[in-house]
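The values are calculated or read from the model by the stated rules, or taken from the named source; none is laboratory data. The shown structure was predicted, so the numbers you read here are calculated from the model rather than taken from an experiment. With ideal geometry, Cβ positions are generated from the backbone for all residues, glycine too; neighbour counts draw on all protein chains shown. Keep in mind that these areas ignore ligands, DNA and RNA; they rest on the heavy atoms of the full protein, side chains included. Shrake-Rupley method; radii C 1.70, N 1.55, O 1.52, S 1.80 Å.
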Amino acid sequence: MKPKKRIQEMTFAALLTAIAILIPSIMPIKLIIPPASYTLGSHVPIFLAMFISPWVAAFVILASSLGYFMAGYPIVVVFRAFSHIIFGFLGALYLKKFPQTIENHKSSLLFNFVLGLIHALGEVLACVIFYSVTGEDFQKLFYVLFVLVGFGTIIHSMIDYVIALTIFKSIQKIR
């Protein structure tokens, strides 16, 4: 990798890291119903990092998890944020191999949906692991886990992806 490109990636990683840490603390639009939480724009830095490189995505995801922890969210929400490493890293690897995916509307839409599914599965799995350790009754949690966390995450993820893609394409035009 050329030094200029590496410095640009490090700069983007630093800026997106700062944003990812701040969003959980300062975003005025958020809904928290543990284990579900919806913070508008919370995935945008992750998606932007994914468009850059896998290592930038991984770094920003770890920082985002730290941001949720520092903002005082319930620990299950922090675990959900950490589970983003699954969809974020896989998505970034895929985009590294097939960067044209985000250029075509249909392939981008399909990528967004599949990423949302992987994202939701990761978050539901994080909740299942968390609640299996705490001894919670899964029958009572079924609605919360699969509807609020699962389905809600797919929708939230897809909205944040569209926001991030719009920002990314706008930045590309002015470069």
Filter the stretch 61-113 for residues that are more than 20 Å from Ala14 (Cβ to Cβ) and polar (S, T, N, Q); the one that is nearest to the chain's Cα centre (by Cα) is Ser83
Do we find that Tyr73 is in a loop (DSSP other than H, G, I, E, B), open to solvent by 10 Å² or more (accessible area, probe 1.4 Å), in contact (Cβ under 8 Å) with a residue 24 or more places away in the chain and not acidic (Asp, Glu) in this structure?
yes
Counting only residues in the stretch 159-175 that are surrounded by 12 or more Cβ atoms within 10 Å (Cβ to Cβ) and of a type outside the set (A, V, I, L, M, F, W, C), the one farthest from His119 (Cα to Cα) is identified as Lys169
Selection from the stretch 132-158 of residues free of Cβ contacts under 8 Å to residues at least 12 places away in the same chain, open to solvent by 80 Å² or more (accessible area, probe 1.4 Å) and part of a helix (DSSP H, G or I) yields Val133, Phe138, Gln139, Lys140, Phe142, Tyr143
The correct count of residues that are of a type in the set (D, E, K, R), under 16 Å from Tyr38 (Cβ atoms) and modelled with pLDDT under 95 in the stretch 124-164 is 0
